[in-house]
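*Asks:* Sending over a structure as structure tokens; questions will come in a sec.
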Amino acid sequence: QCAVIRKLVRDLDLPVEIDIAPTAREADGLAMSSRNAYLSAEERAIAPTLWTALTAAQLAYDSGARDPDVLRGAVLAVLADAPRLVLDYVNAADPDTLEPLTAPSDKVLLSLAAKLGSTRLIDNLVLG
């Protein structure tokens, strides 16, 4: 959403300053969202796996990984152990253009979406 707004402001030459803040998170890392109220207690306990998966990619990045497939693989490896999460997508994209990355990059936007029960959860992390 931030990248889309930044592009809109640039394209329309709007005289505004955009101040992007980090995602607000629960103590266990789950992104705060009104959707979380739809999770059962069991689903709520599983939901932080999304953040765990993204932070696994952060660890890979911090260890030198820049290949988008390697970073996506780190996310997918964690999510493979969470069978109740039905994965919609895991993307590695340029944080400014949102174009999918096909080659190593120092800046990567990892985003994902998954269903847990009837609730669709999303999260993202910018690396670099």
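*Asks:* Can you tell me which of (1) at pLDDT below 95; (2) within 26 Å of VAL4 (Cα to Cα); (3) hydrophobic (A, V, I, L, M, F, W, C) is the one ALA82 doesn't meet?
*Replies:* Single failed check for ALA82: (2).
*Asks:* In this structure, is ILE122 aliphatic (A, V, I, L, M), in contact (Cβ under 8 Å) with a residue 40 or more places away in the chain and over 21 Å from GLN1 (Cβ atoms)?
*Replies:* Working: aliphatic (A, V, I, L, M): yes; in contact (Cβ under 8 Å) with a residue 40 or more places away in the chain: yes; over 21 Å from GLN1 (Cβ atoms): no.
Spelling it out, it is not the case that ILE122 is aliphatic (A, V, I, L, M), in contact (Cβ under 8 Å) with a residue 40 or more places away in the chain and over 21 Å from GLN1 (Cβ atoms).
*Asks:* Give the residues of segment 82-96 that are in contact (Cβ under 8 Å) with a residue 12 or more places away in the chain and either open to solvent by 70 Å² or more (accessible area, probe 1.4 Å) or in a strand (DSSP E or B) (or both), sorted by residue number. I'd like the intermediate steps shown before the answer.
*Replies:* Step one: filter segment 82-96 for residues in contact (Cβ under 8 Å) with a residue 12 or more places away in the chain, giving 82, 84-96.
Those that are in contact (Cβ under 8 Å) with a residue 12 or more places away in the chain and either open to solvent by 70 Å² or more (accessible area, probe 1.4 Å) or in a strand (DSSP E or B) (or both): ARG84, LEU85, VAL86, LEU87, ASP88, TYR89, VAL90, ASN91, ALA92, ALA93, ASP96.
*Asks:* Return the residues of segment 53-69 that are without any contact (Cβ under 8 Å) to a residue 40 or more places away in the chain, part of a helix (DSSP H, G or I) and surrounded by 16 or more Cβ atoms within 10 Å (Cβ to Cβ); say none if nothing qualifies. Walk me through it before giving the result.
*Replies:* Keep residues of segment 53-69 that are without any contact (Cβ under 8 Å) to a residue 40 or more places away in the chain, which gives 56, 59-60, 62-65, 67, 69.
Next, from what is left, pick out any that are part of a helix (DSSP H, G or I): 56, 59-60, 62, 69.
Across segment 53-69, the qualifying residues are ALA56, ALA60.
*Asks:* Next up: Exactly one condition in (1) in a loop (DSSP other than H, G, I, E, B); (2) closer than 22 Å to ARG120 by Cα is false for ALA77; which is it?
*Replies:* Only one criterion is unmet by ALA77, namely (1).
*Asks:* Also: Applying the selection to segment 85-98, what residues are more than 17 Å from TYR61 (Cα to Cα) and modelled with pLDDT under 95? So that I can check it myself, show each step before the final result.
*Replies:* At the first step, the residues of segment 85-98 found to be more than 17 Å from TYR61 (Cα to Cα) are 85-89, 96-98.
Within segment 85-98, ASP96, THR97, LEU98 meet the criteria.
The values are calculated or read from the model by the stated rules, or taken from the named source; none is laboratory data. Quantities reported herein were computed from a predicted structural model and do not represent experimental measurements. Every residue, glycine as well, gets a Cβ built from its backbone with ideal geometry; the counts of neighbours run over all protein chains shown. With ligands, DNA and RNA removed, areas are computed over all heavy atoms of the protein, side chains included. Shrake-Rupley method; radii C 1.70, N 1.55, O 1.52, S 1.80 Å.
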